[in-house]
Amino acid sequence: MGNVSPLGPSSIGMDPKVSAGLGYLILIVGLIFFFIEKQNRFVRFHTLQAVLLAISLFVLFFVIIFAGIAAAFVNGGLAGLIFSLGNLVVWVGGFIAWLVGMINAFQGKYFKLPVIGDLAERWSGTGIVAM
């Protein structure tokens with residue numbers, strides 16, 4: 001998205017880049033920082049995006065695993081293998097998205113992940129405008 005100064009005041013008392021980056025590393029920290037931080041839009045955006053990414057990946061894993069189990073019972077092992085490969089693709093894609101988000105947060109950059117970034121922007125009340 002571009003650089004928008006993350007260096008505004010933070011009610012957490014930490015460097016905003018560190019707060020935002022830690023939100024990706026530890027899910028509970030992201031939740032806590034999102035609800036505690038009232039001033040810094042950068043921290044609110046990135047912590048909510050990290051939480052939404054984690055929730056989305058959890059739901060996708062859950063759906064793929066149980067669909068794979070059901071398909072394996074109906075169609076045999078090949079269907080289970082196909083769903084396992086789908087799970088691997090989601091895991092790798094999720095890891096890359098997590099890593100990109102975290103790196104951008106630590107660098108002080110707003111970076112919106114597809115779909116999740118738009119939700120995080122709307123729900124965190126940031127109304128980000130990239131420069």
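The values are calculated or read from the model by the stated rules, or taken from the named source; none is laboratory data. These numbers come from a predicted model, not from an experiment. We place every Cβ from the backbone using ideal geometry, glycine too, and count neighbours over all the protein chains shown.
Considering segment 35-50, and only residues there that are crowded, with 22+ Cβ neighbours inside 10 Å and of a type outside the set (S, T, N, Q), the residue that is nearest to the chain's Cα centre (by Cα) turns out to be Ala50.
Residue-level analysis places Gln39 outside the set of residues that are modelled with pLDDT of 90 or more and of a type in the set (S, T, N, Q). Residue count for segment 86-125 under the criterion of being out of contact with any Phe, Trp or Tyr (no Cβ under 9 Å at 6 or more places or on another chain), part of a helix (DSSP H, G or I) and exposed (fewer than 12 other Cβ atoms within 10 Å of the Cβ): the result is 6. Residue under question is Phe58, and the condition is that it be over 22 Å from Gly8 (Cβ atoms) and either under 14 Å from the mean Cα position of the chain (by Cα) or acidic (Asp, Glu) (or both); does it hold? Here the answer is yes, as Phe58 does meet what is asked. Condition test on Gly68, is it more than 20 Å from Gly125 (Cα to Cα) and touching a Ser or Thr at 6+ places or on another chain (Cβ under 9 Å)? Answer is yes for this residue. Only a single item in (1) surrounded by 15 or more Cβ atoms within 10 Å (Cβ to Cβ); (2) on the phi > 0 side of the Ramachandran plot is not met by Gly13, and it is number (1). Within segment 54-83, the residues that satisfy the criterion of being free of Cβ contacts under 8 Å to residues at least 40 places away in the same chain, surrounded by 14 or more Cβ atoms within 10 Å (Cβ to Cβ) and not hydrophobic (A, V, I, L, M, F, W, C) are Gly68, Gly80.
A search for C-beta distances below 7 Å between a residue of segment 6-21 that is at pLDDT 90 or above and any residue that is in a helix (DSSP H, G or I) and loosely packed, with under 14 Cβ neighbours inside 10 Å, counting only pairs 6+ apart in sequence or on different chains, returns nothing.
Taken together, the residues in segment 50-81 that are polar (S, T, N, Q) and over 17 Å from Val92 (Cβ atoms) amount to 1. Looking at segment 95-104, can you tell me whether even one residue there is modelled with pLDDT under 95 and touching a helix residue (DSSP H, G or I) at 6+ places or on another chain (Cβ under 6 Å)? Within segment 95-104 (the criterion being modelled with pLDDT under 95 and touching a helix residue (DSSP H, G or I) at 6+ places or on another chain (Cβ under 6 Å)), the answer is no, since none of the residues qualifies.
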